[in-house]
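Trainee: Structure in structure tokens, see below.
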Amino acid sequence: MNHIKNIIALITIFSVVVISSCGEKHSEGDGHNHGAEETMHSDDDGHDHGAEKNSHSEGDGHNHGGEKHHEEGLHLSKAQIQTIGIEFGGFSSVKVNDFIKATGKLGLPSSAYSSVSIKTNGIINSSKKFVEGDYVNKGTVIAYLENVDLILIQQNYLEAKAQLNLKQLEVERQQKLIESNAGVNKNLQIAIAEVEVLTANTEGLAKQLAYLNISTSNLSPSTIKEKIPITAPMSGYISKINFHNGMYAITSNSIMEIISSDQLHLELDVFEKDFSSVKVGQKISFSIPALGNKLYSGEVSVIEKEFKSSLKTVRIYGLINDEDPSFIKGLFVNSKIWLSDTKLNAVPEDAIIKDGKETFLYVAKKEEKETEFIKIRVITDATDSGFTAVKLIDSIPDGMQIVTKGAYYVYAQAKAGELKHEH
């Protein structure tokens with residue numbers, strides 16, 4: 001809250017106010033000495049006149065024309081206070097939501113990554129036109145894989161299924177022969193064993209086809225497929241593409257990598273002195289400098305149990321409430337973790353003056369003729385809804401009120417007085 005740039009402008013405003021007030025017609029008893037002797041000093045006005053009429057006695061407090069100026073304060077007349085619009089008040093008991101600051105990045109759990117691999121070796125054909133950064137939905141066909149072995153597996157399955165059906169008929173025939181005392185048990189047992197072998201063979205081939213995404217429910221010699229689709233195993237953004245049409249791919253190599261943005265989270269580092277105040281469920285507001293000043297929201301989900309001694313920090317994980325397609329893993333994050341709603345003694349933000357390393361308020365006891373303003377040093381705390389919580393370094397004298405509006409005008413006048421005394 002650096003308003004030093006405005007000081008020169010404010011001093012100019014005060015000069016106009018002072019000149020205007022001096023040019024006004026004064027009534028009797030207003031604290032000013034008018035008439036023919038307006039340049040004369042009385043014997044008891046605190047000044048030594050005569051040969052040393054221009055010198056001041058030590059400790060006279062510069063008491064001129066009835067205006068009393070103390071080194072510790074500034075004096076303004078009632079007219080000046082009204083012109084400036086200075087307002088007085090006390091502390092407000094304000095609900096200030098305190099927070100701690102933390103920096104970090106956008107992160108992803110291991111479950112957010114998925115590699116697209118083929119289930120059998122083959123040549124890639126009819127691939128879709130994807131580029132890195134494209135979003136794909138789960139089940140989207142990425143490309144097709146061709147391999148003669150695919151045809152052979154389907155052929156073997158159909159042959160095994162046909163043989164199984166034939167052997168099952170043989171089992172039924174042998175059972176009928178035995179029932180009519182015309183059959184031989186050995187033949188029935190052989191037929192049953194052959195059915196079991198063919199059943200295992202058929203089921204095994206069916207599992208292989210299912211693994212290759214080939215359905216056996218409608219498979220026939222006329223529907224044998226020469227290629228199979230390669231599909232996205234999850235929804236997300238494509239982070240890497242490692243294939244092209246006509247390439248011979250093998251099962252050990254990934255042809256594409258996908259990242260699920262739905263699982264993006266915050267990874268924040270909280271300093272040792274602050275982490276004890278953090279609780280699961282607390283709200284987080286954060287911005288991503290690379291994406292501008294927009295604020296996003298989230299909440300604390302996990303607090304790590306490991307203390308990083310080298311950095312003096314603890315890692316905090318946070319869920320993200322707002323979705324943004326621009327979110328990318330690893331982007332730097334500035335955040336505030338909101339701790340609690342607490343009622344504290346606070347003043348309007350405009351009541352606080354910062355001058356270099358010093359932070360202070362002005363207090364005064366409003367008088368009819370002239371009001372003295374005194375600086376009170378403070379330490380600022382959290383700010384919320386235009387109010388800032390403060391802790392007093394200096395005590396406020398009895399009967400004095402805080403300048404809640406116009407504090408910077410008082411500050412500018414005090415600065416103008418300092419400049420005047422330097423000459």
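Just so you know, all these numbers are worked out from the coordinates, no wet-lab data involved. In this text, all values refer to a predicted model and were calculated from it rather than measured experimentally. Don't worry about glycine lacking a Cβ; one is built from the backbone with ideal geometry, like all the others, and counts go over all protein chains shown.
Trainee: What whole-number distance in Å separates the alpha-carbon centres of the stretch 270-326 and the stretch 219-258?
Mentor: Measuring centre to centre over Cα atoms gives 38 Å.
Trainee: Identify the trypsin sites (Lys or Arg not before Pro) of the stretch 248-353 meeting these criteria: DSSP loop state and at most 13 other C-beta atoms within 10 Å of the C-beta.
Mentor: Passing both the DSSP loop test and the Cβ count: K273, K279, K294, K312.
Trainee: Filter the GluC sites (Glu not before Pro) in the stretch 151-240 down to the DSSP loop ones having no more than 15 other Cβ atoms within 10 Å, then list what survives.
Mentor: Values: sites: E159, E170, E172, E179, E194, E196, E203, E226; in loops: E226.
Qualifying residues, ordered by number: E226.
Trainee: Here is a follow-up. With unit charges on the beta carbon (Lys/Arg positive, Asp/Glu negative), name the residue among I190, I123, Y135 whose Cα is farthest towards the positive pole of the charge dipole of the stretch 109-196.
Mentor: Y135
Trainee: Right, something else. Nothing charged except the Cβ atoms of Lys and Arg (+1) and of Asp and Glu (-1): what's the magnitude of the dipole of the stretch 67-167 about its Cα centre? Round to the nearest 20 debye.
Mentor: With only Lys, Arg, Asp and Glu charged at Cβ, the dipole is about 580 debye.
Trainee: Let me ask something else. With +1 on each Lys and Arg Cβ and -1 on each Asp and Glu Cβ, how big is the dipole of the stretch 306-381 about its Cα centre, in debye rounded to the nearest 20?
Mentor: 480 debye
Trainee: Still on this structure, I have one more. Just need the relative contact order of the stretch 111-259 here, percent rounded to a whole number, with Cα pairs under 8 Å and 6+ apart.
Mentor: Relative contact order comes out at 48 percent.
Trainee: Next question, about the same structure. Just for the Cα atoms in the stretch 184-259, what are the lengths along the principal axes, largest first, rounded to whole Å?
Mentor: In descending order, the Cα extents are 67, 26, 23 Å.
Trainee: Any chance you could get the radius of gyration and Dmax over the Cα atoms of the stretch 111-259, in Å?
Mentor: In order Rg, Dmax, the Cα atoms of the stretch 111-259 give 21.9, 75 Å.
Trainee: I've got another one for you. Just how large is the dipole of the stretch 111-259 about the Cα centre, in debye to the nearest 20, putting +1 at every Lys and Arg Cβ and -1 at every Asp and Glu Cβ?
Mentor: Numbers: 13 positive and 13 negative charges, 40 e Å.
Computed about the Cα centre, the dipole is about 200 debye.
Trainee: Here is a further query. Which of the listed residues, A200, I178, I214, is farthest toward the dipole's positive end in the stretch 151-232, when Lys, Arg count +1 and Asp, Glu count -1 at the beta-carbon?
Mentor: So the residue furthest toward the plus end is I214.
Trainee: Then there is this: Which of the trypsin sites (Lys or Arg not before Pro) found in the stretch 130-226 are in a DSSP loop and have at most 15 neighbouring Cβ atoms, other than their own, within 10 Å? Could the numbers behind the result be given before it?
Mentor: On the way: sites: K138, K161, K167, R173, K176, K186, K207, K225; in loops: K138, K225.
Passing sites in the stretch 130-226 are K138.
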